[in-house]
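The values are calculated or read from the model by the stated rules, or taken from the named source; none is laboratory data. The shown structure was predicted, so the numbers you read here are calculated from the model rather than taken from an experiment. Positions of Cβ are generated from backbone atoms using ideal geometry, with glycine treated the same way; all protein chains shown enter the neighbour counts.
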Amino acid sequence: MRTPIVNLLLMLAAAVPASAEELALRLDPARTIVAFTLQATMHKVEGVLPVSSGEIHFDRATGRASGQIVMDARRATTNSEGRDKKMHAEVLESGQYPTVVFTPGRIEVKEEGPDRGIVRLAGTLSIHGVDHAVELVAAVRREDDRIVVDAPLVIPYVAWGMHDPSAFVLRVAKQVDVTIHAVGILSSAGPAGAGAAAPTPGGT
């Protein structure tokens, strides 16, 4: 009997051979956006954390997940030169900690439909030199030959040891709201995740 995980992944990857036990979601960094919002006194700060690379593997039989999504902390920007300089020097300390990495460990299907679903992805977020356990509840849908994933994440950056930029007049929230919009291709992972062909729309 197929598990909900198998049903959802088979639905999303209709072109992948049913004999393939593991699937890989290979992200398109140019179309994947990690945006963040930080509430502050009388205004809010909005920025983007660029994605360098991303690949997540799913074992359809067990729900195990692996891979990495790598973000370039050095290129994080809020489109304000002065504010960005302070963010990189005092909060992210991106010269010392140049990357932010999410490593998935397990996937669980919460809801599923004909061409979309909701999954819980548990893993580890490595930021500012420390690993933190996190869970993403993601909306997943298929658009032609692409898989689109949208997920929110709250990062309590001050509690995680990063500098609080608040001053006497300027008060800044102690957590940052992150929105992940990932776009990629789902395919058979192949041996050790290599050599897999991308799915063809409308295939069987």
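Structure summary
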{"item": "Subset of the stretch 79-129 (residues that are basic (Lys, Arg) and within 19 Å of Ala35 (Cα to Cα))", "result": "Arg83, Lys85, Lys86"}
{"item": "Tabulated pairs, the stretch 124-142, first on the phi > 0 side of the Ramachandran plot and exposed (fewer than 13 other Cβ atoms within 10 Å of the Cβ), second outside any strand (DSSP E or B) and not aliphatic (A, V, I, L, M), C-beta under 9 angstrom, 6+ apart or interchain", "result": "Gly129/Glu93; Gly129/Gln96; Gly129/Tyr97; Gly129/Gly161"}
{"item": "Flag if Lys85 is of a type in the set (Lys, Arg), surrounded by fewer than 15 Cβ atoms within 10 Å (Cβ to Cβ) and modelled with pLDDT of 95 or more", "result": "yes"}
{"item": "Exclusive hit being surrounded by 13 or more Cβ atoms within 10 Å (Cβ to Cβ) and either without any contact (Cβ under 8 Å) to a residue 40 or more places away in the chain or under 17 Å from Ile56 (Cβ atoms) (or both), set Ala159, Ala151", "result": "Ala151"}
{"item": "Some residue of the stretch 39-59 being of a type in the set (A, V, I, L, M), within 15 Å of Ile127 (Cβ to Cβ) and within 12 Å of the chain's Cα centre (by Cα)", "result": "yes"}
{"item": "Residue in the stretch 97-111 that is in contact with a Phe, Trp or Tyr (Cβ under 7 Å, 6 or more places away or on another chain), at pLDDT below 95 and either within 28 Å of Ala189 (Cα to Cα) or of a type in the set (A, V, I, L, M) (or both) present", "result": "yes"}
{"item": "Test: residue in the stretch 66-73 that is crowded, with 16+ Cβ neighbours inside 10 Å, more than 17 Å from the chain's Cα centre (by Cα) and of a type outside the set (Lys, Arg)", "result": "no"}
{"item": "Positions within the stretch 31-46 being in a strand (DSSP E or B), of a type outside the set (Val, Ile, Thr) and modelled with pLDDT of 90 or more, in sequence order", "result": "Ala35, Phe36, Leu38, Gln39, Lys44, Glu46"}
{"item": "Residue match in the stretch 106-122 (condition: in contact with a strand residue (DSSP E or B) (Cβ under 6 Å, 6 or more places away or on another chain), small (Gly, Ala, Ser), over 18 Å from Val45 (Cα atoms) and buried (at least 19 other Cβ atoms within 10 Å of the Cβ))", "result": "yes"}
